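J.: My questions all concern the structure below.
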Amino acid sequence: MPNQSRRSLLLLGAAGATLTAFPARSRADTIRPALLYAAGQKFDKSFNEGAFSGGERLKAATGIPVMEFLPSSPVQFEQGMAALLRRGATDIVAIGFYYAAALARLAPAHPSVRFTLIDALADGPNIRSVTFKEQEGSFLVGVLAALASKTGTVGFIGALDIPLIRKFSAGFDQGVRHARPDAKLLVNFVGTTPDAFNDPTTGAEVARSQFQRGADVVFAGAGVSNFGIFAAAHEAGRLAIGVDSNQNYLYPGTILTSMLKRVDLAVESSFQAARQGGWTAGMMALGLADGGMDYAVDENNRALLTPAMVDAAEAARRGIVSGRIPVTDGS
């Protein structure tokens with residue numbers, strides 16, 4: 001069964017990492033951590049909320065509060081950074097692929113601040129870039145979707161067609177075909193700009209279109225737009241798969257599972273490393289072997305997953321971790 005234990009936190013430091021040491025100015029009495037969220041909603045039941053949970057765990061463990069800035073648009077990045085820096089932030093985690101270029105420009109002007117970027121790569125001696133092997137987690141939920149489908153047609157609905165989202169789509173496609181080579185996959189996107197992550201109405205419309213074309217299980221990788229996709233699946237009596245955080249509870253009996261992207265662990269581990277003097281700059285990619293990806297099983301979806309389905313997903317996990325099952329990222 002999926003392992004979501006806190007021991008995953010201990011594995012992140014070595015996860016696909018290319019890291020360099022940062023000057024050791026990091027004791028519990030000097031660190032002032034901060035989160036710059038992705039544009040949208042803080043409690044999005046998804047990506048931002050996962051980051052928030054990581055910050056809350058740091059606070060619970062150490063008593064250190066985490067400063068926050070929630071932009072309404074990605075263009076507010078510099079405004080948010082300026083606000084956090086004025087408040088004395090020593091460690092800032094930025095959540096979102098669209099901050100990469102702006103962070104690379106800003107970081108050199110603040111060499112004593114440790115910046116962590118989640119979901120993209122930015123180069124700099126005081127920048128840690130954390131990405132995920134979304135294709136690996138997506139492979140596992142693809143196996144589950146294929147085995148749960150009665151029509152033989154499943155769907156993927158992403159926010160927009162960009163390399164990050166194609167990692168989800170590619171892994172899902174490979175997992176579906178691994179479990180059921182004759183399955184049909186539909187792929188659609190909510191929009192063409194980052195606003196697509198916050199458009200439940202269009203998300204629902206895209207889901208209904210896939211249901212009309214025969215899909216009975218859809219993997220929703222669209223941020224807040226997932227809410228519309230889930231509602232449409234519930235209304236149509238179809239199944240959906242959540243993403244990033246455990247979204248099973250939103251529609252019990254409708255959400256087959258949720259692909260977990262452990263943003264919470266990435267955030268908490270970055271802050272803890274800074275607090276303990278072990279923060280490093282560089283790049284790391286987190287996958288199944290590191291506890292960075294998983295899928296959720298709880299009281300809200302357990303009845304939807306047969307033992308044979310879980311066995312197939314776990315066999316795929318072992319194959320991916322061992323290298324016997326290669327998973328490409330769609331690039």
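J.: Those residues that are assigned to a helix (DSSP H, G or I) and surrounded by fewer than 16 Cβ atoms within 10 Å (Cβ to Cβ), I need them from region 84-106; list them, please.
T.: R86, A101, R105
J.: Tally time: how many residues in region 26-60 are aliphatic (A, V, I, L, M), surrounded by fewer than 19 Cβ atoms within 10 Å (Cβ to Cβ), in contact (Cβ under 8 Å) with a residue 40 or more places away in the chain and not in a loop (DSSP other than H, G, I, E, B)?
T.: Number satisfying all stated conditions: 0.
J.: Related question: Across region 107-130, what is the total count of residues that are in contact (Cβ under 8 Å) with a residue 24 or more places away in the chain, farther than 11 Å from D91 by Cβ and assigned to a loop (DSSP other than H, G, I, E, B)?
T.: 6
J.: Which number in (1) surrounded by fewer than 24 Cβ atoms within 10 Å (Cβ to Cβ); (2) modelled with pLDDT of 95 or more marks the one condition that I255 misses?
T.: Going through the list (1) surrounded by fewer than 24 Cβ atoms within 10 Å (Cβ to Cβ); (2) modelled with pLDDT of 95 or more, I255 breaks only (1).
J.: Looking only at residues that are aromatic (F, W, Y) and in contact (Cβ under 8 Å) with a residue 60 or more places away in the chain in region 165-215, which one is farthest from Y295 (Cα to Cα)?
T.: Among them, the one singled out is F197.
J.: I'd like to verify a number: residues in region 260-274 that are outside any helix (DSSP H, G or I) and aliphatic (A, V, I, L, M), how many?
T.: Qualifying residue count for the region: 1.
J.: Quick test of your reading of the structure: R318 fulfils all but one of (1) over 20 Å from the mean Cα position of the chain (by Cα); (2) buried (at least 24 other Cβ atoms within 10 Å of the Cβ); (3) under 29 Å from D216 (Cβ atoms). Name the failing condition by number.
T.: (2)
J.: Could you grab me the full set of residues in region 217-257 that are in a strand (DSSP E or B) and more than 19 Å from Q41 (Cα to Cα)?
T.: Result: V217, V218, F219, L239, A240, I241, I255, L256, T257.
J.: List pairs: first residue in region 264-292 and in contact (Cβ under 8 Å) with a residue 60 or more places away in the chain, second residue assigned to a strand (DSSP E or B) and of a type in the set (D, E) anywhere in the structure, Cβ distance under 8 angstrom, at least six positions apart or on different chains.
T.: Close Cβ pairs (under 8 Å, with a partner that is assigned to a strand (DSSP E or B) and of a type in the set (D, E)) amount to S270/D91; F271/D91; A274/D91; W279/D91; L288/D294.
The values are calculated or read from the model by the stated rules, or taken from the named source; none is laboratory data. This structure is a prediction, so every number in the text was calculated from the model and none was measured. We place every Cβ from the backbone using ideal geometry, glycine too, and count neighbours over all the protein chains shown.
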